[in-house]
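Single-structure report; data block below.
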Amino acid sequence: QVQVVESGGGLVQAGGSLRLSCAASGTIFSINTMGWYHQAPGKQRELVATITRGGSTNYADSVKGRFTISRDNGKNTVYLQMNSLQPEDTAIYLCNVAVSRDYWGQGTQVTVSS
């Protein structure tokens, strides 16, 4: 079994920054892709950013130039640095870890006030 735990969410004013962390633990031999998704009330879950074990990244158009994803393979941890946050970034942010199958965390709330 693999456990995935996110942290770092909170309330921030527009233009501010937050850094999310996601740590995977349990029976892990190697993690392939790690990623962040978000889900706003009444909306579908959407991709924010992903990063492969080798460091290749992919971003949603809405966050390019503002968010940066990174990972520490030795710690089985992925980060999301979010700058220039806007009210439309308000959502629950969920971490996805691809091992033998996909594992999800419970999510961390990010609220951006105008």
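The values are calculated or read from the model by the stated rules, or taken from the named source; none is laboratory data. Because the structure is predicted, anything quoted here is derived from the model rather than measured. Cβ sites come from the backbone with ideal geometry, for glycine too, and all protein chains shown count toward neighbours. Calculation scope for accessible area: heavy atoms of the full protein, side chains included, ligands and nucleic acids excluded. Shrake-Rupley method; radii C 1.70, N 1.55, O 1.52, S 1.80 Å.
Would you check if G16 is open to solvent by less than 50 Å² (accessible area, probe 1.4 Å) and within 10 Å of the chain's Cα centre (by Cα)?
On the way: open to solvent by less than 50 Å² (accessible area, probe 1.4 Å): yes; within 10 Å of the chain's Cα centre (by Cα): no.
The answer is no for G16.
Are there any pairs with C-beta distances below 6 angstrom linking a residue in the range 93-114 that is more than 13 Å from V12 (Cβ to Cβ) and small (G, A, S) to a residue that is modelled with pLDDT under 95 and part of a loop (DSSP other than H, G, I, E, B), with the two at least 6 apart or on different chains, and if so which?
Once the first residue is more than 13 Å from V12 (Cβ to Cβ) and small (G, A, S) and sits in the range 93-114, its partners that are modelled with pLDDT under 95 and part of a loop (DSSP other than H, G, I, E, B) give A98/N32.
Given (1) surrounded by fewer than 16 Cβ atoms within 10 Å (Cβ to Cβ); (2) at pLDDT 95 or above; (3) farther than 20 Å from G8 by Cα, where does E46 come up short, assuming only one miss?
Exception for E46: condition (3).
Sort through D89, D102 and tell me the only one that's open to solvent by less than 50 Å² (accessible area, probe 1.4 Å) and among the acidic types (D, E).
Values: D102 fails: open to solvent by less than 50 Å² (accessible area, probe 1.4 Å).
Checking each option against the conditions leaves just D89.
Among the candidates N58, N83, single out the residue that is modelled with pLDDT of 95 or more and more than 13 Å from the chain's Cα centre (by Cα).
Values: N58 fails: more than 13 Å from the chain's Cα centre (by Cα).
Residue meeting the stated conditions: N83.
Does the range 51-67 contain any residue that is touching a residue at least 40 places away in the same chain (Cβ under 8 Å) and either open to solvent by 10 Å² or more (accessible area, probe 1.4 Å) or touching an Asp or Glu at 6+ places or on another chain (Cβ under 7 Å) (or both)? I'd like the intermediate steps shown before the answer.
Initial filter on the range 51-67 (touching a residue at least 40 places away in the same chain (Cβ under 8 Å)): none.
The answer is no; no qualifying residue exists.
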